[in-house]
Amino acid sequence: FAVIYDSVFGELERAGGVDCECIGGGRIKHDKDAKKIHSSSSPMGFGRAKHSVSTEKIKTHYPDYEITWANEGY
């Protein structure tokens, strides 16, 4: 995951003056047929994600989905 972050944050900062900071890591499983999104994390790497924040952001874009999260996952 660090590879993804490292490859993107510099471009975002240069393109729009966006200040990037990774405050947690995890995975998101999107099942569009079942209209479900599940976010999970582990305290390794970037640290535990703040799922309360990420799930609220996801809900704004997928209001008709079931959104769940867990601190365990991989």
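So here's what we get for this one:
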{"item": "Count of the stretch 20-36 residues which are within 17 Å of His51 (Cβ to Cβ), in a loop (DSSP other than H, G, I, E, B) and in contact with an Asp or Glu (Cβ under 7 Å, 6 or more places away or on another chain)", "result": "0"}
{"item": "Subset of the stretch 25-74 [open to solvent by 60 Å² or more (accessible area, probe 1.4 Å) and at pLDDT below 75]", "result": "Pro43, Met44, Gly45, Phe46, Arg48, Lys50, Glu72, Tyr74"}
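The values are calculated or read from the model by the stated rules, or taken from the named source; none is laboratory data. All figures in this text were calculated on a predicted structure; none of them were measured in a lab. Here Cβ is always computed from backbone atoms with ideal geometry, including for glycine, and neighbour counts include all displayed protein chains. The protein model used for the area step is the full one, side chains on, heavy atoms only, and it has no ligands, DNA or RNA in it. Shrake-Rupley method; radii C 1.70, N 1.55, O 1.52, S 1.80 Å.
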